[in-house]
Structures are given as structure tokens and as C-alpha cells.
Amino acid sequence: MENNHYEIIQHNDLGRRYTVRFKQYKYNEPIEHTNWRISKNGCGPIAIAIVLASLGYNETPITISKMMLFNEYGFLSEGYYTGINGVSILYCLNKLVKKYNFDIEYEIVKINYKKPELMKDKIIEMIKNGYMAIVNVGPHPNIFANDGHYIVITSLNKDNNEFYICNSYPEGDTQVESIFSYEQIVKEIYKDNFDFLMIRKKL
């Protein structure tokens, strides 16, 4: 893996955690034996790779993409070849945990879009207690991307309970030092997805 395909975001005194930020737009080569490119369709594998690598596991967007794209016999799985969605992220996460016995746990947190404030304290508390969150934003232009995209909430600023995020798109190059409120993120969520896929190492 070339160094320009990722950057290391160091922790800071305000609560930002160590994060491996893979850059989706750098992965322009097709996955072998396919014409599928991470740069075009791979924000799902990138998001999982960001979480796992930041938790200390030796996974990359390429290895995770291959797990999504190919079945156990090495053949392309049509459902995962044409695109990546919330279901396939969970499929891949479960497959990784089973294959490598990763010591992680996850929880899906849904929100009520009419009253999203009801889940605010729970989300903040979970991030404070070691969870990272994969969130699907879009599908229209938003503060994180020009279309639908997965970002990762990595940690919490302890001064104001706002979130540090990891965005694999070019927009993320300027968002490393930024923090975003719960309300800003909820506003951009792709409705009817899993909302917050919370992942951490088991305690």
C-alpha cells in the first residue's frame, strides 16, 4: 500500500483519537479480475478499513473490497459487484469477524427523523465510550461530499461534545481538524439507512 493512499491522524488533547484515514480517491486501479474501482464505488470498504485499521487490525480497503466482491469460491458475487450499500457493509463486517475472529462488537442505532434529538445523548455517550460510527450521508451534495458517501465518526471533542470525522473523499483533506455537531451530521444522513453503525473493540 502506497503511503499517499492514506494518512495517520494523531490523537490530540481534546479527545481526537488515532485514526488511519484511507483516501478513496487515490485507489484508481481496478480490483484484479474486475473493472470495479474503489475510487468510484468503494466508500463502504474504505469506511470499514478506516475503523478496523484505527482499532489496530491489519486490513486495507483492497482486502475488504475483495471480501465484498468475491464469494468463498472466488467468484464474483453480483449483488456486491454492482455497488456497495448498508446491507453489504454489515455482510462484510460479519464475514470479517467470523473469518479472523476479530474482537469487536457493533450496534445499529436508528433515529426518529422527526425527533432526532432523542438519540443525541446515546450517540455521544457511545462515542465517548470507544465506539466509532459509520454513517451514510447524501445522496445529494452535502458538507461531506457531492453525492452519497460513507463517513466515519471517530471520536468526541471533550470541550463541546462535537464529533471528529474521517472522510475519505477529497473534502476530507480539509476536515481533519474540524468538528461537527450531532445536528449537522443528522441533517446530512441518507434517510432509511442504518443511520449509525457503531463499532468498537470489546471491553
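Among the residues making up region 1-40, those that are more than 18 Å from C166 (Cα to Cα) and among the acidic types (D, E) are E2, E29, E32.
Helices (runs of 4 or more DSSP H) fully within region 8-119 that include at least 1 residues being closer than 24 Å to Y182 by Cβ: 43-54, 86-100.
Among the residues of this structure, N161 counts as one that is farther than 27 Å from N94 by Cα, open to solvent by less than 70 Å² (accessible area, probe 1.4 Å), without any contact (Cβ under 8 Å) to a residue 60 or more places away in the chain and not hydroxyl-bearing (S, T, Y).
When the residues of region 164-190 are filtered to those that are surrounded by 13 or more Cβ atoms within 10 Å (Cβ to Cβ) and β-branched (V, I, T), the one that is farthest from N12 (Cα to Cα) is I189. Residue pairs whose Cβ atoms lie under 6 Å apart, sitting 6 or more positions apart in sequence or on different chains, and linking a residue in region 48-71 that is of a type in the set (V, I, T) to a partner that is open to solvent by 20 Å² or more (accessible area, probe 1.4 Å), are T60/M1. Of all residues in region 132-149, those that are without any contact (Cβ under 8 Å) to a residue 24 or more places away in the chain have Cβ atoms under 8 Å from Cβ atoms of residues that are assigned to a loop (DSSP other than H, G, I, E, B) and of a type outside the set (D, E), 6 or more apart or on another chain, in D147/G138; D147/P139; D147/H140; D147/P141. Per the listing I108, I104, I64, the residue uniquely in contact with a strand residue (DSSP E or B) (Cβ under 9 Å, 6 or more places away or on another chain), surrounded by 15 or more Cβ atoms within 10 Å (Cβ to Cβ) and within 21 Å of I199 (Cβ to Cβ) is I104. The set of residues in region 28-42 being of a type outside the set (S, T, Y), out of contact with any Gly (no Cβ under 7 Å at 6 or more places or on another chain) and open to solvent by 20 Å² or more (accessible area, probe 1.4 Å) consists of N28, E29, P30, E32, H33, N35, R37, K40. Listed conditions (1) among the hydroxyl-bearing types (S, T, Y); (2) surrounded by 14 or more Cβ atoms within 10 Å (Cβ to Cβ); (3) in contact (Cβ under 8 Å) with a residue 60 or more places away in the chain are all met by S88, apart from (3).
The values are calculated or read from the model by the stated rules, or taken from the named source; none is laboratory data. Computed from a prediction, not measured in an experiment: that's the story for all the values here. As a convention, Cβ positions derive from the backbone with ideal geometry for all residues, glycine included, and neighbour counts pool all protein chains shown. To get the accessible areas, we keep the full protein, side chains included, count just its heavy atoms, and leave off ligands, DNA and RNA. Shrake-Rupley method; radii C 1.70, N 1.55, O 1.52, S 1.80 Å.
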